[in-house]
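The values are calculated or read from the model by the stated rules, or taken from the named source; none is laboratory data. Treat the numbers as computed from the prediction; the structure is a model and nothing was measured. Only protein heavy atoms, including side chains, enter the accessible area calculation; ligands, DNA and RNA are left aside. Shrake-Rupley method; radii C 1.70, N 1.55, O 1.52, S 1.80 Å.
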Amino acid sequence: MKLFRRCQIIRDINELQINEEIRDKEVRLIDSNGDQMGVVPVKEAQKLANSKNLDLVKIAPQAKPPVCKIMDYGKHKYELAKKEKEAKKNQKVVTVKEVRLSPNIEKHDLQVKVNQATKFLKSGDKVKVTLRFRGRELSNISIGKKVIDEFKDMVAEISQIEKEAKLEGKQMIMVLTPKNS
């Protein structure tokens, strides 16, 4: 989504037609103060823009007639780039960390895995808990379910379940998110 949005803003900047690139006969003109000046011929709009040492920019090409605005195009591009940079700085990237378990895990090993998951959840990451069944272990899915439920109970204070434990092939998968998000 982020990449799509960045490309869309870059495309919007590149697709704007300015000054002599505008080929329409007449346009709806908005002056540099934001006031509507009505429908005027392109040549007249271009003369107005040149008299103010600004650019004529087509901001709504799909409208009938197209809408053009008199503005400083370089300043407009700079402000759009600045907004994009600010939005990128403020967004938080959520990563998914994985904790792997097995049905016959010992209590202490399970506690170590819980500590790992707790550390990940406190740092704001999602945790994918994967319990793998090997060979004959697949015939006793209830043992694996008990282990995953015990794990869930141990991290219940700091996490909430995003995706309930579900058997997918030879593994049982559950996704946890931090409680504060």
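In terms of the Cα gyration tensor, with a ≥ b ≥ c the square roots of its eigenvalues, is region 53-181 rounded because a/c is under 1.5, prolate because a/b exceeds b/c, or oblate?
prolate
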Worksheet entry | Å² of accessible area per residue within region 120-174, as computed with a 1.4 Å probe and no ligands counted | 59 Å²
Discussion item. Just want to confirm a number: the relative contact order over the chain, from Cα pairs under 8 angstrom separated by 6+ residues, in percent.
Written reply: 15 percent
Response to the item:
Only helices counted: for the chain, with every DSSP H run of 4 or more residues adding -39500 (n - 2.57) and the sum spread over all residues, [θ] at 222 nm is -13000 deg cm²/dmol
Worksheet item: Which percent of the accessible area of the chain is formed by carbon and sulfur heavy atoms (probe 1.4 angstrom)?
Response: 51 percent
Fill in: Cα-based reach from residue 25 at 23 Å (exclusive), listing lysines while leaving out same-chain residues under 8 positions away
43, 47, 52, 58, 64, 69
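Please calculate how many Å² of accessible area region 26-108 carries per residue, with a 1.4 Å probe and no DNA, RNA or ligand atoms counted.
On the way: 5710 Å² over 83 residues.
Counting only protein heavy atoms, the per-residue value for region 26-108 is 69 Å².
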Discussion item. Cut-off under 14 Å on the C-alpha distance; same-chain residues fewer than 8 positions from residue 145 excluded. Which aspartates and glutamates are left, in chain and number order?
Written reply: 137, 153, 164, 168
